Amino acid sequence: MKKLLVLFIVLISFSQVFSQHLPLQIGNQWHYDMTVMPPGIHYAAIAVDTLTMNNIFYFKIERRHNLTGNLLETTYDRLVGDSCYYRFRNGQENLIINFNWPDGYTQIFPTDSNCIDILRLSKGMRNIWGFNTESYDFSMGFWCSGFIDTNWVLSPLQITRQFGCYWAGDGSLNGAIINGITYGSLYPLPVELLSFSSSVVDDDVTLNWVTATETNNSGFQVERHCHTERSRSMTDWENIGFVNGNGTTTEPQTYSYKDENLSAGKYQYRLKQIDFDGTFEYSKTIEVEINSPTKFSLEQNFPNPFNPNTNIQYAISSKQFVSLKVFNTLGQEVEKLVNEYQEAGTHSKLYIVNSTLPSGVYLYQLKAGEFVHTRKMILLK
């Protein structure tokens, strides 16, 4: 009975060691069905980051419960060349496997003066999910003085070159994402959106959102639906931008997107979160309103001094025929930038300088109805 207990403890120890993951790359993940200990628990091991400890480069592996998302364990793994796989756990680094070990490689661990534990490696090939990969099977047992022969107890410890630990003492590999390709079955670990909000400054809308966790997240497509004074009716949803995601992470991530120079009206926004495999999910919809300016204004150009271009921003409080022109200091017209009717709102115009214009001071003038305003700008070449 004592020997059986010792063997059980050894099996537990090796199952923890051999629950390892290959190949190592941020975003890769391995989904385990823990059928043995404890039964009925499933988890995903995810390569979420890299870091350097004691001048050694590691991949950070987080194991999380597939239903609650609770962190079960964090380890730091590394592969030296194409042979030695190491794991840093509980302040200590251990060699998991050396792929150069020969077939039949055996290690012996003394347990007391009468008994030894034996670990033996068998190498071969195995077809997993249609992929033929090298397989490394470990069998374990113990031998005590007085035994007629070695008493082998086979244990389900199997490492494959392509997928990592396919069978371990704590369960089996149910599915994996290796370098963007999905194998087997994955437990659902969607992007968890904590918040999605907006803020308005003048005619600009800034969208802000925070995720709690992300898995296989390519990014967010920002979509807009609007009813402006110019359009008079609701438009269809349109894609106005894309914000890259963080792939796979269990740390909170903060994102923002700025929608600028909008006309007066009501705007709705939503996020289309897209995975690397093309699957997607929409967020809730939020609505903002851009109010018409209450007065006419002409802002100072930016940058100033400038070369070769600058931006001129102005606001009109009602629909008007707008004229925006550039003059030299002699009052001669250099360029006509705007000469049309425009809706109420904030507008901007990018002025790209003619290469023949010399450096110096220039004037730009806005006329809209009875409103007339002139400012100076400086061209430096």
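Restricting to segment 283-310, count the residues that are in a loop (DSSP other than H, G, I, E, B), among the charged types (D, E, K, R) and under 38 Å from the mean Cα position of the chain (by Cα).
Here the count works out to 1.
For residues in segment 288-310 being open to solvent by less than 20 Å² (accessible area, probe 1.4 Å) and polar (S, T, N, Q), which is nearest to Asp202 (Cα to Cα)?
Asn301
Across segment 123-139, what is the number of residues that are surrounded by 12 or more Cβ atoms within 10 Å (Cβ to Cβ) and either touching a Ser or Thr at 6+ places or on another chain (Cβ under 6 Å) or more than 18 Å from Ser83 (Cβ to Cβ) (or both)?
Selection size over segment 123-139: 8.
Quick one: Thr250 ticks every box in (1) open to solvent by 70 Å² or more (accessible area, probe 1.4 Å); (2) modelled with pLDDT under 80; (3) under 16 Å from the mean Cα position of the chain (by Cα) except a single one, so which number is it?
Going through (1) open to solvent by 70 Å² or more (accessible area, probe 1.4 Å); (2) modelled with pLDDT under 80; (3) under 16 Å from the mean Cα position of the chain (by Cα) one by one, Thr250 breaks only (1).
Which of the strands (runs of 3 or more DSSP E) contained wholly in segment 311-365 include at least 1 residues that are in contact with a strand residue (DSSP E or B) (Cβ under 9 Å, 6 or more places away or on another chain), open to solvent by 40 Å² or more (accessible area, probe 1.4 Å) and without any contact (Cβ under 8 Å) to a residue 12 or more places away in the chain?
Output list reads 333-342.
Taking segment 266-282 as the region of interest, how many residues are open to solvent by 70 Å² or more (accessible area, probe 1.4 Å) and over 27 Å from the mean Cα position of the chain (by Cα)?
Matching residues across segment 266-282 total 1.
Looking at Thr285, is it open to solvent by 60 Å² or more (accessible area, probe 1.4 Å) and β-branched (Val, Ile, Thr)?
When the stated conditions are applied, Thr285 passes them.
Do you know which of the residues in segment 52-69 that are at pLDDT 85 or above and not in a strand (DSSP E or B) is most open to solvent (accessible area, probe 1.4 Å)?
That would be Asn55.
Considering each of Phe242, Phe196, Phe280 in turn, give the residue that is closer than 30 Å to Ile178 by Cβ and modelled with pLDDT of 85 or more.
When all the criteria are applied, what remains is Phe242.
Could you pull out the residue among Asn94, Asn100 that is open to solvent by 60 Å² or more (accessible area, probe 1.4 Å), part of a loop (DSSP other than H, G, I, E, B), at pLDDT 80 or above and out of contact with any Phe, Trp or Tyr (no Cβ under 6 Å at 6 or more places or on another chain)?
Asn100
The values are calculated or read from the model by the stated rules, or taken from the named source; none is laboratory data. If you're wondering where the values come from, they're calculated on a predicted model, not measured in any experiment. Every residue, glycine as well, gets a Cβ built from its backbone with ideal geometry; the counts of neighbours run over all protein chains shown. For accessibility, only protein heavy atoms count, side chains too; no ligands or nucleic acids. Shrake-Rupley method; radii C 1.70, N 1.55, O 1.52, S 1.80 Å.
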